[in-house]
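To start, the structure itself, in structure tokens.
Values in this text are rule-based calculations from the coordinates and carry no lab data. All values reported here derive from a predicted model rather than from experimental measurement. Note that we place each Cβ from the backbone using ideal geometry, even for glycine, and neighbour counts take in every protein chain shown.
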Amino acid sequence: GVLRHRPRAIARRVALVRIPASNLDEGELTHLERRPVDQAKADEQWDDYCAALVAEGWETVEVDAAPDLPDSVFIEDTVVFFGDVAVLANPGAESRRAEVEAVERAVRAMPGIAVARIAAPGTLDGGDVLKVGGVVYVGASSRTNAEGIRQLRAILAPRGYTVVAVPVTRALHLKSTVTALPDGTVIGHADLVDAPSLFPRFLPVPEREGVAVVVLSDDTLLMSASAPRTAELLSGLGYRVVTVDIGEFEKLEGCVTCLSVRVR
Ligand code: CIR
């Protein structure tokens, strides 16, 4: 792949992705009105998203397609990595539970990764999990329940992480309300965040679509093209901002984070 000619010293950065299902337009909707999804455009946007990761030095690993599971492209919700531990999620939406099986197969094929899982009656979506150093913020949302949070705590506490639960009532997932910059500053939109004071350093951003950033490296962020004012704010703070158009996925309440799982 693209990393072949890089010096050994640079750690391999891997992201799991999953090609959009052919019934993508039947995905779950909680806060938005249904709008028609252009499948061809979505496929193109997904290709461009993957290409952006690759161009920034990431290797993308495709999990087997699930052509009948409409939300399977939002792979972030199915597994979360904490160093060499992968925690398989148990998605809060019944329609999404079957997504985990192929993701589990892919994760078990990865050398050196220990696998843990959230089990019923616990539910947890990966979109509710935000890592900031040794602190793991978990959204108590319509998808992630108290039992899911308890199980995550039990998995992570012995490994030295502090799990901080955060109420999420105004959006689908914690990470549709806040994400974090490489320096640990939490960014979010004032209208969406229930309790900004839970975060030691909180920076409000001007657009709802701007709350989601994927940290590509210490100085580079991946963002949706639908938040130009936030992109400007963040580049003014010294970051290089790469933008991708993910409009078709935004119609389904997806954001830039949920289209991949970063293995780290
Ligand atoms: C859902 O409702 O589950 C999907 N339509 C969207 C999931 C987006 N995931 C995320 O933000 N982590």
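So which of A98, A109, A114 ends up being over 15 Å from the mean Cα position of the chain (by Cα), within 27 Å of T30 (Cβ to Cβ) and surrounded by fewer than 23 Cβ atoms within 10 Å (Cβ to Cβ)?
Working: A109 fails: within 27 Å of T30 (Cβ to Cβ); A114 fails: within 27 Å of T30 (Cβ to Cβ).
Residue meeting the stated conditions: A98.
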Here the residues within the range 126-137 that are among the β-branched types (V, I, T) and crowded, with 17+ Cβ neighbours inside 10 Å are V129, V132, V136
Residue hits (the range 20-55; hydrophobic (A, V, I, L, M, F, W, C) and either touching a Gly at 6+ places or on another chain (Cβ under 7 Å) or surrounded by 13 or more Cβ atoms within 10 Å (Cβ to Cβ) (or both)) are A21, L24, L29, V37, A42, W46, C50, A52, L53, V54
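Anything in the range 206-233 that is hydrophobic (A, V, I, L, M, F, W, C), more than 16 Å from the ligand (Cβ to nearest atom) and closer than 21 Å to A42 by Cα? List them, or say none.
Of the residues in the range 206-233, the ones hydrophobic (A, V, I, L, M, F, W, C) are 211-216, 221-223, 225, 227, 231, 233.
From the residues that got through so far, the ones that are more than 16 Å from the ligand (Cβ to nearest atom) too are 216, 221, 225, 231, 233.
Across the range 206-233, the qualifying residue is only A225.
Which one of these is within 17 Å of the chain's Cα centre (by Cα) and without any contact (Cβ under 8 Å) to a residue 40 or more places away in the chain: T169, T177? Before you say what the answer is, go through the steps one by one.
Working: T169 fails: within 17 Å of the chain's Cα centre (by Cα).
Result of the check over T169, T177: T177.
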Could you check the range 43-70 and list, in sequence order, the residues that are β-branched (V, I, T) and within 16 Å of the ligand (Cβ to nearest atom)?
V63
Over the range 81-123, the set of residues touching a strand residue (DSSP E or B) at 6+ places or on another chain (Cβ under 9 Å), within 16 Å of the ligand (Cβ to nearest atom) and not in a strand (DSSP E or B) is A89, P91, G92, R97, V100, V103, I118, T123
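When you check L152 against the structure, is it within 16 Å of the ligand (Cβ to nearest atom) and part of a helix (DSSP H, G or I), yes or no? Working first, answer last.
Numbers: within 16 Å of the ligand (Cβ to nearest atom): yes; part of a helix (DSSP H, G or I): yes.
Yes, satisfied.
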Give the residue, chosen from V73, V61, that is under 16 Å from the mean Cα position of the chain (by Cα) and either in a strand (DSSP E or B) or farther than 16 Å from V17 by Cα (or both).
V61
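Collect the residues in the range 124-137 that are within 12 Å of the ligand (Cβ to nearest atom) and either in a loop (DSSP other than H, G, I, E, B) or out of contact with any Phe, Trp or Tyr (no Cβ under 6 Å at 6 or more places or on another chain) (or both), keeping them in residue-number order. Write out each step before concluding.
Pass one, the range 124-137, residues within 12 Å of the ligand (Cβ to nearest atom): 124-130.
L124, D125, G126, G127, D128, V129 - these are the residues of the range 124-137 that are within 12 Å of the ligand (Cβ to nearest atom) and either in a loop (DSSP other than H, G, I, E, B) or out of contact with any Phe, Trp or Tyr (no Cβ under 6 Å at 6 or more places or on another chain) (or both).
Condition check ((1) in a helix (DSSP H, G or I); (2) away from the ligand (no atom under 16 Å from the Cβ); (3) surrounded by 15 or more Cβ atoms within 10 Å (Cβ to Cβ)) across all residues:
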| site | (1), (2), (3) |
| --- | --- |
| A171 | no, no, yes |
| K175 | yes, no, yes |
| G184 | no, yes, no |
| S235 | yes, yes, no |
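Would you mind stating whether R18 is within 14 Å of the ligand (Cβ to nearest atom), of a type in the set (K, R) and either free of Cβ contacts under 8 Å to residues at least 12 places away in the same chain or within 21 Å of S142 (Cα to Cα) (or both)?
Working: within 14 Å of the ligand (Cβ to nearest atom): yes; of a type in the set (K, R): yes; either free of Cβ contacts under 8 Å to residues at least 12 places away in the same chain or within 21 Å of S142 (Cα to Cα) (or both): no.
So R18 fails the test.
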Can you find, within the range 138-149, the residue that is surrounded by the most Cβ atoms within 10 Å (Cβ to Cβ) among those that are in a loop (DSSP other than H, G, I, E, B) and of a type in the set (G, A, S)?
S141
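Being within 15 Å of the ligand (Cβ to nearest atom) and part of a strand (DSSP E or B) is the filter; apply it to the range 245-264 and report the residue that is nearest to D43 (Cα to Cα). Even if it seems obvious, please write down each step before you answer.
Step one: filter the range 245-264 for residues within 15 Å of the ligand (Cβ to nearest atom), giving 246-262.
Now narrow it down to the ones that are part of a strand (DSSP E or B): 261-262.
Working: V261: 18, R262: 20 Å.
Selected residue: V261.
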Close pairs from the range 204-220: first among the polar types (S, T, N, Q), partner outside any helix (DSSP H, G or I), Cβ under 8 Å, at least 6 apart
S217/E56; S217/G57; S217/P182; T220/E56; T220/Y239; T220/R240; T220/V241; T220/V242
